[in-house]
């Protein structure tokens, strides 16, 4: 009887702990030299840093219930599966050279990697950024499709050069990726990776971020070198509009209400705001250096920007775009996602 009572108490405490963790809104941000920062969104403080050694984490994505975090490790060429309740690495999947972007969707992780990339490790603080590039004769990038049950690569699909952003069609049937090195957007079948079509954009424009519009009728693609974004028709991917931005547009996302479009002009220390219907310019918001990716908080009240050269996450009021605070100790902050899921340049609600 006493044993049953103790067992019941332990089980109850475990459930309570799990519910408490699940009830606390959390952001996860990759720091290329520190690991993964865990931010308590109620307190807006860095409560933990999950060390990944010298792995060089970049892209990251959560599973649907937030119990597992998947991180692409550039230095070790693999994908880490992290138990978010303990902060411990559970499993690893070998991907290939230079894995970067990760999106989890319907039981699979889609991981871009770049066997031809020749960029080196990040420079020391204060040094100018080292640009990554591929020779035009180098191998194209690939997309590893990882089954999350086995954490094994079940398909590897050749893409363009320097594959960057990843998005899914509103009907969940297609995977779209941007290819910086050859200025294209490639489309594949979800699950199998079967190539469907490739769309050419302006030469030398370097497409990076991609996001579907809230109504599912269009895609927005940022063009880093052209200092523009293009709006593509959701059916045929033809360009319907081109909009000027500040320097180096990268991360892109619509707000949770679908009223505003946000673009991180990473080389201009600016977050730009546009009308989500007309794409007219609304506002320019000063932020930190090299803010590549960003996310709304789950309640939509704040914006979190991972600013790599400021070594911090900037926290903005989503209503007036004013900076509330900076969360530091995140050297070379790169990607950011939240649980519960929210709108952002990597994740989606």
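Laboratory data are not the source of any read-out in this text; all were calculated from the coordinates shown. None of these values were measured; they are calculated from a predicted model. Note that each Cβ is placed from the backbone with ideal geometry, even for glycine, and that neighbours are counted across all protein chains shown.
Computed from Cα atoms, the angle from the helix 2-23 axis to the main principal axis of the chain rounds to 20 degrees. Look at 293, 281 and count the other Cβ atoms within 10 Å of each Cβ; fewest to most, that gives 281, 293.
Contact order, relative form, for the chain: 11 percent (alpha carbon pairs under 8 Å, 6 or more residues apart, mean separation divided by residue count). Answer rounded, prolate or oblate for region 190-349, using the Cα gyration tensor with square roots of eigenvalues a ≥ b ≥ c: rounded when a/c is under 1.5, else prolate when a/b is larger than b/c, else oblate. Judged from the Cα gyration tensor, region 190-349 comes out prolate (a/c at least 1.5, a/b above b/c). Spin-label pair residue 40-residue 238: with each label point 7 Å from Cα along the Cα-Cβ axis, the two points sit 5.5 nm from one another.
Once the Cβ-Cβ distance of residue 24 and residue 149 is raised to the sixth power relative to R0 = 22 Å, the FRET efficiency obtained is 0.20. Paramagnetic label reach from residue 349 (point 7 Å along Cα→Cβ; backbone nitrogen cut-off under 13 Å): within region 187-226, residues 214-215.
The equivalent ellipsoid that matches the C-alpha gyration tensor of the chain spans semi-axes of 31, 24, 20 angstrom, in descending order.
By definition, a body whose alpha carbon gyration tensor gives a ≥ b ≥ c is oblate when a/c is 1.5 or more and a/b is not larger than b/c, and region 157-267 fits this oblate description. For region 202-229, the residues whose amide N sits under 17 Å from a probe point set 7 Å from the Cα of residue 277 along the beta carbon direction are 213-218.
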